[in-house]
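Reading through the C-alpha cells given below for one structure.
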Amino acid sequence: MTKLAVNKKAKFDYKILETFEAGLVLKGHEVKSVKAGHISLKGAFVTFKKNELYLTNSSITLYKQAGDIKNYDPTSPKKLLVKKSEIKKMIGKFKTEGLTLVPISVYNKKGLVKLEFALAKGKKQFDKRRTIQDREDKIKIERVYKDRR
C-alpha cells in the first residue's frame, strides 16, 4: 500500500470521527497519472448526488504520454465506489449532525487506486491553536528526554 497523495490540512482543519475507504472510477490515462503522483487533494471534498458519492475539486493532471486529449477537465468530479449500506449510514450522519466528508489520502492497494475519506467536524480557530500548542509541547518534551540520554 503506497500513498500517492495526502491531504495534510484535513487533520488540522477537521476533527476526524470515522474513516472510510472507497474505490475511484478513473479513466486509463487518469490512473497512470495518479499512480505517477500527479493528483492534488488540496481543497477537495466529497459530495452526494442521487445517493452516490463524488470526489469534487481534486486535480488530476493530464498524463504526458497519453497524447492530446480534447476537452479534458482535470478537476471533474470522480465517482466513488462505496457500498450502499455505508452510503446510507453516511447520509444519516451527514444530514442530522452537520458533518462533512473530507478526503484524507489516495493510495494504491493491490493495483487499485483507493481513496480514504472521513466523516469529520470542522474545528474552530481556538481548537486549531490548541492543536499547534500540543504539537509544540510534545516537541519540547522529546527534546528534554533526548538531552537526558
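Please pick out the residue among Tyr72, Tyr107, Tyr63, Tyr54 that is aromatic (Phe, Trp, Tyr), touching a helix residue (DSSP H, G or I) at 6+ places or on another chain (Cβ under 8 Å), closer than 30 Å to Lys27 by Cα and surrounded by 14 or more Cβ atoms within 10 Å (Cβ to Cβ).
Residue meeting the stated conditions: Tyr63.
Taking only pairs six or more apart or across chains, which ones have beta-carbon atoms under 8 Å, a first residue in the stretch 56-76 that is under 29 Å from Leu101 (Cβ atoms), and a second residue that is among the acidic types (Asp, Glu) and surrounded by 15 or more Cβ atoms within 10 Å (Cβ to Cβ)?
Here the result reads Ile60/Glu30; Tyr63/Glu30, each pair linking the stretch 56-76 to a residue that is among the acidic types (Asp, Glu) and surrounded by 15 or more Cβ atoms within 10 Å (Cβ to Cβ).
Any residue at all in the stretch 120-140 that's within 20 Å of Val25 (Cβ to Cβ), without any contact (Cβ under 8 Å) to a residue 40 or more places away in the chain and either touching a strand residue (DSSP E or B) at 6+ places or on another chain (Cβ under 8 Å) or assigned to a loop (DSSP other than H, G, I, E, B) (or both)?
no
Across the stretch 64-114, what is the total count of residues that are part of a helix (DSSP H, G or I), polar (S, T, N, Q) and touching a Lys or Arg at 6+ places or on another chain (Cβ under 9 Å)?
Looking only at that region, the number is 1.
Return the residues of the stretch 11-30 that are in a helix (DSSP H, G or I) and farther than 20 Å from Lys79 by Cα; say none if nothing qualifies.
Lys11, Phe12, Asp13
Which ones in the stretch 90-113 are small (Gly, Ala, Ser) and in contact (Cβ under 8 Å) with a residue 60 or more places away in the chain?
Selection gives Ser105 alone.
Taking the stretch 94-114 on its own, how many of its residues are more than 19 Å from Lys50 (Cβ to Cβ) and either of a type in the set (A, V, I, L, M) or modelled with pLDDT under 80 (or both)?
Residues that pass the stated criteria total 9.
The values are calculated or read from the model by the stated rules, or taken from the named source; none is laboratory data. Predicted, not measured: the structure shown is a model, and the values here were computed from it. Every residue, glycine among them, receives a Cβ derived from its backbone with ideal geometry; neighbour counts consider all protein chains shown.
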